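Every number in this text was worked out from the coordinates using simple rules, so none of it is lab data. The shown structure was predicted, so the numbers you read here are calculated from the model rather than taken from an experiment. Reconstructed Cβ throughout: ideal geometry from the backbone, glycine too, with neighbour counts over all protein chains shown.
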Amino acid sequence: MAKKLFVRTWGCQMNVYDSQRMADVLAPLGYETVDAPDAADMVILNTCHIREKASEKLFSELGRLRPLQTEKAQAGGRMILAVAGCVAQAEGAEIRARAPFVDMVFGPQTYHQLPEMVARAARAAGEPIVNTDFPVENKFDLLPETTAAGGPSAFLSVQEGCDKFCTFCVVPYTRGAEYSRPAAQVLSEARRLVAGGAVEITLLGQNVNAWHGDAPAGGTWGLGRLIRALAEVPGLARIRYTTSHPRDMDDDLIAAHAEVPQLMPFVHLPVQSGSDRILAAMNRKHRADDYRRIVDRLRAARADLALSGDFIVGFPGETDADFEATLRLVRDVQHASAYSFKYSARPGTPASGLGDQVPEAVMAARLETLQALLIEQQTAFNAAMVGRTVPVLFDRRGRRAGQLLGKSPWMQSVHADAPARLSGTIADVRIEAAGPNSLTGRIVTGAFASGADAAALGVPA
Ligand code: SAH
Ligand code: SF4
Ligand code: F3S
């Protein structure tokens, strides 16, 4: 009988990808993914350590799972409880000290070793497994090929880890050194994803544009070259990449935005702060104007390119003037969307030891101001779409019956009345209304197999 596997994922898209790969590794062992933890034979919590609340969420989830684990044991079964991801890597054995009913704790670079770890856990209940090694072999070479029939929009990790050591950030410690998967491996995974129904692939990496992988015929490629090769995969209509770092935005990648039509005109380019003093203290190794210049070059390559970013307010020592500089940068760049966070002191990072921590109330006020500006810009960006016709990749059901939800090239959510069979296809949608977080429109052309479909939706044939 199939064993039930429940995986819960927090954090970045790379964790989403990793969760799928863990399910891929466990499938040959008889584990089938289910969508609730009740009576599961194994539960994996794939965690994130980036900000404070992340690990608190882990422990409250563990608290909720414990009775389910007990119930399963009382019924004569066993629920293996596992903690994976960045909290597992950062806290290791500490997790078991706080939650001794956890069976396995293992870090992101050990996922290919899951079959062994599960076999050990299954043999010896009570013998804890804590694996936070950075193995010499690379997991990507040893994970089974993805089985993902993952829907029209798929993630593909090409790069992992970080050598940049921003002073606030745990990622270099939880993910290890920068690693780039070889191009041939990436291309074959992309072909599999497309064969499984993917129309769009988002290339993932903690610094995805630092990717420099072995080329299929010797030498190395950069991300721009890889994207050009991916553009030749038949059926792959859209290519995206995230998260990129300003320092790794090279000429060839920028040129790819001008030359590769499948490369979507939307770049998530974190900047964190608009103050050079704070950027230096963060060890970002670029100035605010460097960021402005990169944005100019991207827009020179592709005029309709939209930017998103990440921001931290309240980094230690941040003054009102520093914060004003951040607001100025946001106004200059006109981000179409963004994530913004209060600085969170992370154990073991250099910034956590700095004096001059910014009071909570000041951080909260700055975050509110910044978010108000970002939302204002996002709303204006969305409003400018009204009356335009944009291609939308429909990838899920909409709010209402008879509606589908999809994404514009600029990552906007778009609702439209559409038959379910258009899910997984790209259709032209005339935008009729816009809010801060989504657009609504009407399908105008291209996507209909029959005139009857078109007539049913009121589209002129
Ligand atoms: N590699 C990417 C970011 C990865 S982490 C880059 O360099 O831009 C994702 C985002 O989380 C960061 O961009 C940052 O805005 C935020 N973040 C990371 N550490 C943080 C911390 N200690 N406190 C608050 N936000 C943080
Ligand atoms: Fe963290 Fe900086 Fe690396 Fe991004 S570049 S993952 S923020 S250390
Ligand atoms: Fe979180 Fe680790 Fe991603 S800390 S953001 S899950 S790299």
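Assorted remarks:
- q = 0.13, 0.18, 0.21, 0.25 Å⁻¹: log10 I(q)/I(0) that the Debye formula gives for the range 274-343, counting C-alpha atoms only: -0.37, -0.69, -0.91, -1.22
- Label-to-label distance, ASP428 versus ARG123, with points set 7 angstrom from Cα along the beta-carbon direction: 6.3 nm.
- Cleavage-rule hits, chymotrypsin sites (Phe, Trp or Tyr not before Pro), the range 10-105, DSSP coil, Cβ neighbours within 10 Å at most 15: PHE101
- Between SER438 and THR319, the simple label model (points 7 Å from Cα in the Cβ direction) yields a spacing of 4.5 nm.
- For the pair LEU327 and GLN403 in one chain, pulling the backbone fully straight at 0.36 nm per residue adds 23.6 nm over the alpha carbon distance.
- When peptides 419-430, 237-248 are sorted by average Cβ neighbour count within 10 Å, with the highest value leading, the order is 237-248, 419-430.
- Nonlocal amide H pairs with THR445, under 5 Å, H built at 1.01 Å: ASP428
- Theoretical gain in end-to-end length, ALA365 to ARG78 [0.36 nm per residue, Cα-Cα removed]: 98.5 nm
- Modelled spin-label separation between SER60 and LYS285, with each label point placed 7 Å from Cα along the Cα-to-Cβ direction: 3.8 nm.
- Expressed in Å, the radius of gyration and Dmax of the Cα atoms of the range 289-428 are 19.2, 58.
- Placing unit charges on each Cβ (+1 for Lys and Arg, -1 for Asp and Glu) gives the range 298-430 a dipole about its Cα centre, and among LEU367, VAL313, SER408 the Cα reaching farthest toward its positive end belongs to SER408.
- Charge tally for LEU439 (other residues, Cβ to Cβ under 14 Å; Lys, Arg +1; Asp, Glu -1): +2.
- Summed side-chain charge close to GLY197 - residues other than GLY197 whose Cβ falls under 15 Å, Lys, Arg +1, Asp, Glu -1: +2
- Reduced Cα scattering model of the range 151-264, Debye log10 I(q)/I(0), q = 0.14, 0.18, 0.20, 0.22 Å⁻¹: -0.54, -0.88, -1.05, -1.23
- Pairs of Cα atoms in the chain fall into 20 Å distance bins, from 0 up to the last occupied one, in shares of 22, 54, 23, 0 percent.
- Using the Cβ-Cβ distance between PHE101 and LEU142 with R0 set to 25 Å, the FRET efficiency from 1/(1 + (r/R0)^6) comes to roughly 0.25.
- Maximal additional length on extending the LEU187-ASP214 stretch stands at 8.5 nm, based on 0.36 nm per residue less the C-alpha distance.
- Estimated FRET transfer efficiency when R0 is 30 angstrom, pair ALA380-ASP296 (beta carbons, to 0.05): 0.90
- Over the chain, DSSP H runs of length four or greater, each weighted -39,500 (n - 2.57), average out per residue to a 222 nm ellipticity of -10500 deg cm²/dmol.
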